[in-house]
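The values are calculated or read from the model by the stated rules, or taken from the named source; none is laboratory data. All values reported here derive from a predicted model rather than from experimental measurement. No Cβ is skipped: glycine too gets one built from the backbone with ideal geometry, and neighbour counts run over all protein chains shown.
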Amino acid sequence: MNTSGRPLSPSGERPFGIYVHVPFCSVRCGYCDFNTYTADELGEGATRATYADTAIAEIERAHAAMGDRQVDTVFFGGGTPTQLPADDLVRVLRAIDDRFGLTSGAEVTTEANPDSVDPRALATLRAGGFNRISFGVQSAVPHVLATLDRTHRPERVPEAVQWAREAGFAQLSVDLIYGTPGESLDDWRASLEHALALQPDHVSAYALIVEDGTAFARQVRRGEVEMPDEDETADKYLLADDLLTEAGFGWYELSNWARDETARCQHNGLYWNSDDWFGIGPGAHSHVAGERWWNVKHPVAYAQRLAAGESPRMDGEFIDADTAQVERVMLQTRLRSGHPVTELSESARNKLPALVGRDLITLTDDRLVLTLTGRLLADAVVRELT
């Protein structure tokens, strides 16, 4: 029985997606804490040449464990999925379709760097069933790209976007990062204007976060780089919202704007609404029917387990009702659609008038929705409600 309030997928169940993690990058960016590796870091045992076959082996195990269930969304992330040959990405997608079956009109996304694609690769991906592409642009300013260790030139981005359009991609997204050390407000404006000139369907804009264990964190700790203060970061978010809104985009999640509802990322909606997804690849996480689990992290260990006919799963947990409730508040409060007031605890509902009075939320159709001020202070609002 569907009790989530979310629309059922065409297969009659909760929406279901598959995430495919591709852990390869040409360069490991200093700010990145994702499970990614350069070829030199991995060596033998987990190569780009063998990765598609390894991922397909896990897809076969996933189907054996779950049985028939149609897939509404597929998302290839990383890393840089387009570090793999386009034919290999298509083979992995075909394996998902062969074992599970894609619903009619399923959203199929790959992330890509502007310098990791060419017209032939994009045409192969589109012909093979990919219909959405998300380019990691991050910035249009050379000195900001250099600080972020990004390898592409700003002038390559329009070329890659044009190739994707010519290949027939129905949806095109651009990812940006703001708050890089040394980035001025004018630099950020230039990046936003550059992105809008590409006429994308979707824009994601994320504040740079210094994660423990990254090269950036070590540089900050040694005083080699200085992160911007909170007021400057807030100004950049406000500028993004102003320019994107003026260009006809609407926010639908704190860091995501789309031209219309059809351009919203359906796959990310699975995460935000606690729907079901299966993660393929080293370190990939899954969430199905109230259980969450994750794979071994290192690509070599992942490949070795599958080659031996073993599960790559490392650990997992069942999510109790209290934890699920807290997670729903944390995630759905970030959405423009908001969170149902009736699903809040009594103590949280008692705090709503004060949050309204501080212009942090509005109450619309029995749902709490963040105001623009509330979006800047979303973490504080969530703490009040949980």
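Worth a mention:
Conditions (1) surrounded by fewer than 17 Cβ atoms within 10 Å (Cβ to Cβ); (2) within 27 Å of T80 (Cβ to Cβ), marked per residue:
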{"position": "E166", "(1), (2)": "yes, yes"}
{"position": "F169", "(1), (2)": "no, yes"}
{"position": "S184", "(1), (2)": "yes, no"}
{"position": "S191", "(1), (2)": "no, yes"}
{"position": "L208", "(1), (2)": "no, yes"}
{"position": "D229", "(1), (2)": "yes, no"}
{"position": "L244", "(1), (2)": "no, yes"}
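- When the range 371-386 is filtered for residues that are without any contact (Cβ under 8 Å) to a residue 40 or more places away in the chain and touching a strand residue (DSSP E or B) at 6+ places or on another chain (Cβ under 7 Å), the ones remaining, listed by number, are T371, G374.
- For the range 334-351, filtered to residues that are surrounded by fewer than 17 Cβ atoms within 10 Å (Cβ to Cβ) and of a type outside the set (S, T, N, Q), the residue that is farthest from Y206 (Cα to Cα) is E346.
- Summed over the range 234-274, residues that are at positive phi and assigned to a helix (DSSP H, G or I) total 0.
- Some residue of the range 90-112 being more than 30 Å from A64 (Cα to Cα) and of a type in the set (K, R): no
- Restricting attention to the range 149-167, the residues that are outside any helix (DSSP H, G or I) and of a type in the set (D, E) total 2.
- Residue in the range 297-307 that is closer than 30 Å to A106 by Cα, among the hydroxyl-bearing types (S, T, Y) and not in a helix (DSSP H, G or I) present: no
- Out of A146, A140, sole residue that is over 24 Å from A86 (Cβ atoms), of a type outside the set (V, I, T), assigned to a loop (DSSP other than H, G, I, E, B) and in the same structural domain as T82 (by TED's automatic domain parsing): A140
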